[in-house]
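Structure, as structure tokens:
The values are calculated or read from the model by the stated rules, or taken from the named source; none is laboratory data. Computed from a predicted structure; not experimentally measured. Neighbour counts are summed over all protein chains in view; Cβ atoms, including those assigned to glycine, are modelled from backbone coordinates with ideal geometry. Heavy atoms of the whole protein, side chains included, go into the accessibility calculation; ligands, DNA and RNA do not. Shrake-Rupley method; radii C 1.70, N 1.55, O 1.52, S 1.80 Å.
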Amino acid sequence: MKIKYFGHSCFLIDDELLIDPFISGNPKCPFEPNEIKCKIICVTHDHPDHLGDAFEIAKNNDATIVAIHEIAQEALKRGIKAEGMNIGGEISSGGWKIKMVLALHSSNLGHPAGFVLDKNGKRIYHAGDTGLFGDMRIIGEEGLDLALLPIGDRYTMGTKDAVKATELLNPNMVIPMHYGTFPVINPSPEEFKKVFESKFKEKIVKVMKIGEEIEF
Ligand code: NI
Ligand code: MN
């Protein structure tokens, strides 16, 4: 399976499932919304650095927005295809099983969320914006190939809590996100990598460059 990083908390998985497309407003992202092709767009919450260009990219691609009920309603009002859901629910869309899980954060529309994405037995957790919480242990219980975790601090977990989250989630691999976009969230991903590697000898941490694509 492939994953491409567009900066902040935005990833494209297997050329079809896009998450939190903050493209035109991201000073560090060199891409344009109309360059991005996808079939499904998962949105964790309605803060502008996550909802971002989701509606525009959905329109360009005739893609389906998957989000909490209240955001899905906004998409439907704009004539965009959408699957509304809520925390704890799971849907099937385009060959993916998409489960919405808790995120400890704030939002204007509905509740903030994370996603567990499953295709052909590969399981990926995108935490959205969240602080550390103990039920991450339950999210990890069925096994995770990859966890996408915020490390930016201030608005989400920082390095120390992201390391603790890794302990609870027990994924094979972690990619840090939600750092370096703005001066107020500027921890070093290399510092996270250093702490991570000293603690988890058998796990992989990958600090992705914007525009980079890897196989996992
Ligand atoms: Ni947020
Ligand atoms: Mn955010």
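The set of residues from segment 150-187 being outside any helix (DSSP H, G or I) and away from ligand 2 (no atom under 13 Å from the Cβ) comprises G158, N170, P171, N172, M173, V174, I175, P176, P183, N186, P187. Summed over segment 110-129, the residues that are assigned to a loop (DSSP other than H, G, I, E, B) and within 16 Å of ligand 1 (Cβ to nearest atom) give a count of 6. For segment 144-157, a tally of residues being open to solvent by 10 Å² or more (accessible area, probe 1.4 Å) and farther than 19 Å from V101 by Cα returns 2.
Pairing residues of segment 149-165 that are closer than 17 Å to E190 by Cβ with residues that are open to solvent by 70 Å² or more (accessible area, probe 1.4 Å) and away from ligand 1 (no atom under 15 Å from the Cβ), at Cβ distances under 7 Å and at least 6 apart in sequence or on separate chains, gives T159/E191; V163/K199.
Of everything in segment 88-109, what is surrounded by fewer than 20 Cβ atoms within 10 Å (Cβ to Cβ), within 16 Å of ligand 1 (Cβ to nearest atom) and in a loop (DSSP other than H, G, I, E, B)? Give them in sequence order. Within segment 88-109, L104, S106, N108, L109 qualify.
Among the residues of segment 91-114, just one is in contact (Cβ under 8 Å) with a residue 40 or more places away in the chain and closer than 20 Å to E215 by Cα, namely W96. Summed over segment 35-57, residues that are within 16 Å of ligand 2 (Cβ to nearest atom), of a type in the set (D, E, K, R) and either touching a helix residue (DSSP H, G or I) at 6+ places or on another chain (Cβ under 8 Å) or at pLDDT below 95 (or both) total 2. Within segment 34-45, the residues that satisfy the criterion of being of a type outside the set (K, R), within 17 Å of the chain's Cα centre (by Cα) and either more than 16 Å from ligand 1 (Cβ to nearest atom) or in a helix (DSSP H, G or I) (or both) are I36, C38, I40, I41.
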